[in-house]
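Engineer: The structure that follows is given in the form of structure tokens.
Derivation of every value follows stated rules applied to the coordinates shown; laboratory data play no part. Just so we're clear, the structure is a prediction, and the values are computed from it rather than from any experiment. When we count neighbours, we look across all protein chains shown, and the Cβ atoms used for this are built from the backbone with ideal geometry, even at glycine.
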Amino acid sequence: MNDKFRKYLEEAIGTDNALVAFSAFDSPASVSVRLNPFKKSDPMPGRPVSWCRYGLMLDQRPSFTLDPIFHAGAYYVQDSSSMFVGYVFRKLLEDCRLPQGRPLRVLDLCAAPGGKTTDLAASLRTVCGDDFILVANEVMKARVGVLADNVALWGDPNVVVTSDDPRAFASLGGYFDMILADVPCSGEGMFRKDEQAQLQWSEDNVALCEARQRRIIADVWPSLAENGVLIYSTCTFNRYENDLNVRWISDNLGAELLPNDADEPGVIRTEYGYSLVPGFVEGEGQYCASLRKTSSGDGLVSGRSPKSTGSSKGNQIPDGLDAYFCRKMKFALKGDTVTAVPEELAADVDMLRQYLHVISAGCAVGTLKGKILVPDADMALSIILDDSSFPRYEVDHQTALKYLHRDTIAIPEAPKGYVLICHMGLPLGFVKNLGNRCNSLHPQSRRIRMNI
């Protein structure tokens, strides 16, 4: 282990604690999942994660790829230490004064691949019902597609996926009530999972990350409302990227530090936040702290011109689409693609489209082929799809895998036309049933590629 890193870790958590951590770095990484409370499935074997009601520690790593329930969005594979950020969010949400007459507005700034986004979405829906909007942003183009896919699998229509640099959010002066910034870091907390993280560690990289993190927070800071809350998190241990950056935010941007008084087993309280360290917890490394903004916001700033919504090629949105959903939706048509946003969020989404690069919002409904609507795979996975909107056909485990592999399946006893394929009561996606065979509507990009 690098001697300089040893010194940094001792500074951050103390010499005795560092000795415990060093001995744990050579042990195997743990495996954990977090259940989707809005997609009920049979109980999974596992031990509870003390700070996450829906978190489970698994004794061994199964093949998630070969579990249809995973593809249905019934759970998310997430490190248990990462779930602690969701715990801090929920504690803050309990004390949050919910706005009147508008949804609670939350930003997950560095959101890919989507673990914390889906955790926040479940927490917000539990506390706020339908009255929230969660913007999940990822600046890296190569990663935003994974984020959008994971959000679609989770199925919550109140999540908007964007792809923008943090400075783009400055135009949304005072818009967000809460921001989670899980900023890029030197990755010390990933040493057990990623050998390259150890090899790439250096003091220079820590300093580079520290400066980048300050820039990211300073850039997004104008979009946080006065009295709004920032959760700052990393998957590293050192004080430079953690406590010292939190103090910098407080001293330079105008914020008060919020108490770090949670008492959870194995979690180390630092000067300003919490550090989760292998050897003390089963998961990997994680740090988080929270602050309340005391400086005033400037309100919405005139920014980009409204973007074109695209041509609808003379098509019209078909009648009767409301019957697909158990919420009132606002429909839009871009080209031949129909999308739907919860009606009470439509004004927010329209405004966000003027300032940000919106990748997805609400739910993709389908594609028009003449006057016929071909249903979209994302609609099958939405938690607001009405159970009676399409014929449902229950398949066994092997048939579910064949469907997810995009092999040909036949369901001659099912009605002809568009049918919702389900496994253990959970929708997997659509087929067009021709009687003797089915045309699969499962996206090529999500198909199982390994041998089933």
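Engineer: Assign unit charges at the C-beta atoms only (+1 for Lys and Arg, -1 for Asp and Glu), then state the dipole size of region 13-89 relative to its Cα centre in Debye, rounded to the nearest 20. Could you put the intermediate results ahead of the total?
Structural biologist: Values: 6 positive and 6 negative charges, 75 e Å.
So the magnitude is around 360 debye.
Engineer: Here's a follow-up. Please compute the modelled spin-label separation between Gln200 and Lys4, points set 7 Å along Cα→Cβ, answer in nm with one decimal.
Structural biologist: With each label point 7 Å from Cα toward Cβ, the separation is 1.6 nm.
Engineer: Let me ask another. From the residues Leu56, Ile421, Tyr287, which one has its Cα farthest along the dipole of the chain in the positive direction, the dipole being from +1 and -1 charges on Cβ of Lys/Arg and Asp/Glu about the Cα centre?
Structural biologist: Ile421
Engineer: Would you mind getting me the FRET efficiency between Arg292 and Asn451? Use the beta-carbon distance for r and R0 = 60 Å, nearest 0.05.
Structural biologist: Details: r = 52 Å, r/R0 = 0.87.
E between Arg292 and Asn451, to the nearest 0.05, is 0.70.
Engineer: Please give the length that would be gained between Arg392 and Leu208 if that part of the chain were fully extended, namely 0.36 nm times their separation in residues minus their C-alpha to C-alpha distance (nm, one decimal).
Structural biologist: Values: separation 184, 0.36 × 184 = 66.24 nm, distance 5.30 nm.
Gain on extension, Arg392 to Leu208, equals 60.9 nm.
Engineer: Right, next: Express in nm, to one decimal, how much length is gained between Asp336 and Arg143 on full extension, taking 0.36 nm for each residue of separation and deducting their alpha carbon distance.
Structural biologist: Working: separation 193, 0.36 × 193 = 69.48 nm, distance 2.60 nm.
Extending this stretch completely gives an extra 66.9 nm.
Engineer: Treat each spin label as a single point 7 Å out from the Cα along the C-beta direction, and report the Glu413 to Ser23 distance in nm.
Structural biologist: Going from the Glu413 label point to the Ser23 one covers 5.9 nm.
Engineer: Quick one: of Lys40/Lys91; Lys4/Lys293; Lys40/Lys328, which pairs are farther than 30 Å apart, Cα to Cα? Intermediate values should be presented prior to the final figure.
Structural biologist: Numbers: Lys40/Lys91 24 Å; Lys4/Lys293 34 Å; Lys40/Lys328 23 Å.
Long pairs (Cα-Cα over 30 Å): Lys4/Lys293.
Engineer: Here are some pairs, Lys141/Lys432; Lys39/Lys116; Lys371/Lys416; Lys330/Lys432; Lys193/Lys402; which of them have Cα atoms lying more than 24 Å apart in this structure? Please report the intermediate quantities before stating the final value.
Structural biologist: Details: Lys141/Lys432 32 Å; Lys39/Lys116 18 Å; Lys371/Lys416 18 Å; Lys330/Lys432 26 Å; Lys193/Lys402 31 Å.
Pairs exceeding 24 Å: Lys141/Lys432; Lys330/Lys432; Lys193/Lys402.
Engineer: So, one more: For the peptides 356-363, 407-414, 122-129, what is the packing order when you average, over each peptide's residues, the other Cβ atoms within 10 Å and list the highest mean first? Working shown, then result.
Structural biologist: On the way: 356-363: 21.9, 407-414: 14.4, 122-129: 18.4.
Going from most to least packed, we get 356-363, 122-129, 407-414.
Engineer: Sorted by packing (mean other beta-carbon atoms within 10 Å per residue), highest first, where do 52-59, 255-262 land? Each step should come with its number before you reach the end.
Structural biologist: Details: 52-59: 18.0, 255-262: 14.1.
In descending order of packing, they fall as 52-59, 255-262.
Engineer: Assuming R0 = 22 Å, what is the FRET efficiency of Arg406 and Ile372, from their Cβ-Cβ distance, to the nearest 0.05? If you can, show how the numbers build up before the last one.
Structural biologist: Working: r = 22 Å, r/R0 = 0.99.
Taking R0 as 22 Å, the efficiency between Arg406 and Ile372 is 0.50.
Engineer: Mind ordering 227-240, 416-429 by average Cβ neighbours within 10 Å, highest first?
Structural biologist: 227-240, 416-429
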